[in-house]
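Shown next, in C-alpha cells, is the structure this report addresses.
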Ligand SMILES: [Zn+2]
C-alpha cells in the first residue's frame, strides 16, 4: 500500500524510531495509523512499509497510561518500531485491541486458570473419594525397606535410652505379642521393643515394629491395658500409618518447597505439624477399630484400652506428669476422645481371659531390670513419628 | 559513522509536532512528551535530542523509567497463581517480573526487551530436577535406609553432595547469565555470553576449595607433628586470613564473565585488577571479624549462664524457647551488622567493576554508595519480614473469623477438614505476600542499580551488528534450583 486513501485512517503522523534488527542503529521515521495497518515512512533512506494491525506484536502490552509503544511485525522479522509519547499508544489500542493489557492478561491467564481449576478439582475429588496417594505409595513399599525405615526411626527416637532385655520379661512380652499378632489375621509378625524411658508412650514405627516405654508399663494397672495399647499400635501397623505418615510428610515438604519456589525452609514445618495433626486423628479411629477386632479375636477384654486412657487423663488433671515430659506424653499426641470410649462401650460382650497370668504380668513389669545399650546410631534429622 | 542527517522538511514533523494532511498542528496535549521533548524545538535542537537524550546516537544514556508501576499488582497475581498451580507457575512468574524490569530499563529512551519464556525456565528446572536433585535425594534416602544408623556414611554423603553443589554453583551462575543475556535485546540486537561455564565453575570452585584444603592439610600436619593446639590455631587463623582471597577472586570471576560478554557482535572488556579493592576490604574484614568474635563470646557466655547445654547433655531436653530466642536475636543482629559493615565494600566493588567495564569506546560508571546500599539491603529484608508477618496475622484472623479451629468432640472427618483449611488459610497469604514483597524488593534493587549506572564515552551504535551465535535453547535450571538467579 503506497499511500492511504484520504480520510480513511488517522491522518496524524507520529514521530518514531525504526530499527531493522540487523544493526543497533535506529532511523528516524514517521508513522500513521492507516486503515488496515501502520504506515511507516523512514526518513533516510526513504523507505515506506505497512505493518498490518493483525500482525503487530508489542514488547509490553498497551495501556491507557502507556508512555510509548515498542512494536514488531511478523511481516518483517527482527525489525522494531519505537514510538514515544502517550497519544500514539492510546490511538493504537482501538485499532489493535489484541495488543492491549486486558487482552494480553486474558490470553496469558487462560491456560493457568484452567490448570488451577483442574488442580483444585482433582484435589477435591481425591479428598472426597478418600483415596490417599501417600497410603498407596506406602502399600507399594517392599518389606525390607519398611524394616530399615523403622530401624532408622527407632534409633533416632530412642537415642540415649537403654533397651530392656530381662529374660523373663521378654518371655512375657513374647507370649502377649504372639497372642495379639495371631489375632490380627494378617500373618505378619510384629516386633515389640521396650526402652527404659520414663515418659509414658508407645509408638508404631514402619515395618510392623512397636516401641513401648518403661513409663507406660509402670503406669498400666493390668496386662489388659497394655494389651489394649499394643493392639491399638498393631492397628496402626496394619493400616500402614507410620509409613504413610513419613511419605506424607516428605511429600508435603516437597510441595511447599515447590510452591515457595524452593526457598521456604522453616515454612514447610508449619504445614507439616498441622497436616500431621489432622491426619493422625483419622488414623486413631482406624487403629481403634483394628484394635477392637484384634482384642476380640484374641479373646482379651476391650475394657483395658478405654480404661487406660481414662486414667491417664485424670492423672494429668491432678498434675502427676512432670512438666517437661508432658509434650512427649501419650495424651499430647493423642487426646482421649469420647468416640473411643463410646466405641469400647458399644462392643458386644464376649468371653475373655486375662491378657497375661499374674506371674507373667509381674515379669513384664520388671522387663527393665536388665538393660543393654541400644545400637549407637544417632541421626541428626528428626524423624516424623507416628505417635500412639 | 554518524547517523545520516535529517532533511529540514522531515525534521519539521519530528518530535513534539504532528501533521495533519491539511497542515501542521500540535498533537493533543501530552505533558510527558512535552517534558521530554520540550514544548518548542529548534531544528538544531531536534537534531540532537530525542527524549532528552543525545539523538546523534553516539552516546548511550541509561535510565530507569517505571512510570507508576511498582510491581505490587504483578507480585500479587504471581503469588496467587503460584498457590493455585502448586508452584508450577513460579517459572512464569519470574519471567513476568523480568519482562517488566527489563522494559523499565532504557538506553537512549528505548526499552530493553526480555524475550525469555516461562516454558524455557520450567523445562530447564525439570531437567535439573531429574538429573541433579532427584539422584541426590534418592542417594541420601538409599544410604539412610540401607545403612541404618551409620551416621558417618550420612556425613560423608552430605560432604560429597555439598562439594558437588559448590562445584556446580559457579557453573549455574554462568549458565543463568548466558541465558539472561541471550534473552535480552535492545533495538532487536541480542546480548550473549560466550566462553565456558565449566571453566568458570572450576575457577569458582578451586578459589574456595583450594585454600580450604591447603589450610586443613597444614593444620592437620601441625596437629600431628607439633600438637593439637597449634593445629587448631593454624586452622582458625588460616581461615580468617584466607578471607583475603575474596576480592582477588571476585575480580577474577568478574573478568571471566565480562570478557565473555557480547552485545551484538561487539565485545565487552574488563580491565580491573584487584589491588584497589583491598583498601575498603580491610574495614569490612576487620569490622566483621570483630562483630563475629564478639557474638561468639556473648553466645558462649549466654549458654554457659543458662546451663542449657548441661541439661541437654543429661536429659536431651531442649532449652526453653526464650533462651533460643535470645541466641537467635544475637545472631540476627550479627547478620544485620555484617551486612551493613560490608555494604560499603560491596558498593565499592560494584563501582570498581563498572569503572573497569568497557564497551567500544565507552566505560561504565556506577555511583552506588555504601550507606544507600546498606539501607536498600536492610529495608528489603524488613519488607520481606513485614510481608510474612502481615500474612501470618491475616491468616490467623481468617482462621479466627471462619472459626476453623479443630474442636474436640467433633467427628474425625470434620477435624481433618478444618486442619486442612487451617494450613491453607495460613499458607496462601504467606505465599502471596512473599511474592509481592519479592517483586517489590527486586524492583527497588534494580531501580537503584540501574539509575546509578551510566556509560561514559562515544559508542558507534550504528556499527553494532546482530550477533550470529546460536542462543541457548533452555532456561537456567541449575541457578533456579540453587536459588541464586537473583531476578
Ligand atoms: Zn494411636
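The values are calculated or read from the model by the stated rules, or taken from the named source; none is laboratory data. What you see is a predicted model, and the numbers here were worked out from it, not measured in a lab. For neighbour counting, all protein chains shown are included, and Cβ atoms are generated from backbone atoms with ideal geometry for every residue, glycine included.
Structural remarks
- Test: residue in region B:134-153 that is farther than 17 Å from residue A:149 by Cβ and within 12 Å of another protein chain (Cβ to nearest Cβ): yes
- Answer from A:109, A:134, A:116 - the residue that is within 11 Å of chain B (Cβ to nearest Cβ) and in contact with a helix residue (DSSP H, G or I) (Cβ under 6 Å, 6 or more places away or on another chain): A:116
- Per this entry, residue A:167 is not counted among residues that are more than 16 Å from the ligand (Cβ to nearest atom), within 14 Å of another protein chain (Cβ to nearest Cβ) and more than 22 Å from residue A:245 (Cα to Cα).
- The helices (runs of 4 or more DSSP H) found entirely in region A:179-260 that carry 2 or more residues being within 13 Å of chain B (Cβ to nearest Cβ), at pLDDT below 90 and more than 16 Å from the ligand (Cβ to nearest atom) are A:241-259.
- Scanning region B:68-82 for residues being at the interface with chain A (Cβ under 9 Å from one of its Cβ atoms) and either within 19 Å of the chain's Cα centre (by Cα) or buried (at least 22 other Cβ atoms within 10 Å of the Cβ) (or both) gives a total of 2.
- Considered as a group, the residues in region A:56-93 that are buried (at least 21 other Cβ atoms within 10 Å of the Cβ) and under 16 Å from residue A:34 (Cβ atoms) include one that is nearest to the other protein chains (Cβ to nearest Cβ), and that residue is A:88.
Yes or no, residue by residue, for (1) modelled with pLDDT under 95; (2) loosely packed, with under 15 Cβ neighbours inside 10 Å; (3) closer than 30 Å to residue B:250 by Cα:
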| site | (1), (2), (3) |
| --- | --- |
| B:352 | no, no, yes |
| B:366 | no, no, yes |
| B:385 | yes, yes, yes |
| B:395 | yes, no, no |
| B:398 | yes, no, no |
| B:457 | yes, no, yes |
| B:462 | yes, no, no |
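- Candidate set: region B:408-434, residues that are assigned to a helix (DSSP H, G or I) and modelled with pLDDT under 55; chosen: the one farthest from the other protein chains (Cβ to nearest Cβ): B:414
- Note on region A:18-31: residues that are more than 7 Å from chain B (Cβ to nearest Cβ) and crowded, with 23+ Cβ neighbours inside 10 Å total 3.
- Among the residues of region B:101-118, those that are touching a residue at least 60 places away in the same chain (Cβ under 8 Å) and part of a helix (DSSP H, G or I) comprise B:101, B:102, B:104.
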